[in-house]
Amino acid sequence: MKHYIYLLECKDENEKINYYCGYTSKSPSERLQAHLSNVKGENRKHYTGRQKSVKLVYHEIYEDRKTALKREKEIKKRGGKYKLRLIEGFHLQN
């Protein structure tokens, strides 16, 4: 089973961009669909439900859950500038 860390670009009502970091054992595109249903359904109790739009901009693949969750925690601690550098590097490679 694969484990994924992903970043979503989230825009609020004022067009301010933030990056959401998450973990999933499903594919990142499947997980994105769940986040999109929060946005469209206006499920305000979830972070993505309070956003105007979300899109998948980055992901990493791991073989085990423990390593993936450790990486998720590391990314969350590093902040927005670090997340932006990850995204920029990812798009240069693809």
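Remarks
- Among 35, 59, 46, residue whose mean-square fluctuation peaks in a GNM of the chain (springs only between Cα atoms under 10 Å): 46
- 3J(HN,Hα) along segment 18-25, derived from phi through the Karplus expression 6.51 cos²θ - 1.76 cosθ + 1.60 where θ = phi - 60°, amounts to 10, 10, 9, 10, x, 10, 8, 9 Hz, with x in place of Gly and Pro.
- Dividing the Cα radius of gyration of the chain by its Kirkwood radius returns 0.96 for Rg/Rh.
- The chain: most fluctuating residue of 79, 49, 22 per GNM, C-alpha cutoff 10 Å: 79
- List 9, 74, 30, ordered by accessible area with a 1.4 Å probe, largest first: 30, 74, 9
- Across the accessible surface of the chain, with the other protein chains kept in place and a 1.4 Å probe, carbon and sulfur atoms take up 49 percent.
- The chain: angle of helix 28-41 to the longest principal axis, Cα-based, in degrees nearest 10: 20 degrees
- Remark: the chain carries 66 Å² of accessible area per residue (probe radius 1.4 Å; ligands, DNA and RNA excluded).
- Centre separation in Å (Cα based) which lies between segment 54-88 and segment 1-24: 9 Å
- Of the trypsin sites (Lys or Arg not before Pro) found in segment 1-54, the ones in coil according to DSSP and having at most 15 other Cβ atoms within 10 Å of their Cβ are 2, 16, 26, 44, 45, 52.
The values are calculated or read from the model by the stated rules, or taken from the named source; none is laboratory data. Values in this document were obtained by computation on a predicted structure and should not be read as measured data. Cβ coordinates were reconstructed from backbone atoms using ideal geometry, including for glycine residues, and neighbour counts include every protein chain displayed. To get the accessible areas, we keep the full protein, side chains included, count just its heavy atoms, and leave off ligands, DNA and RNA. Shrake-Rupley method; radii C 1.70, N 1.55, O 1.52, S 1.80 Å.
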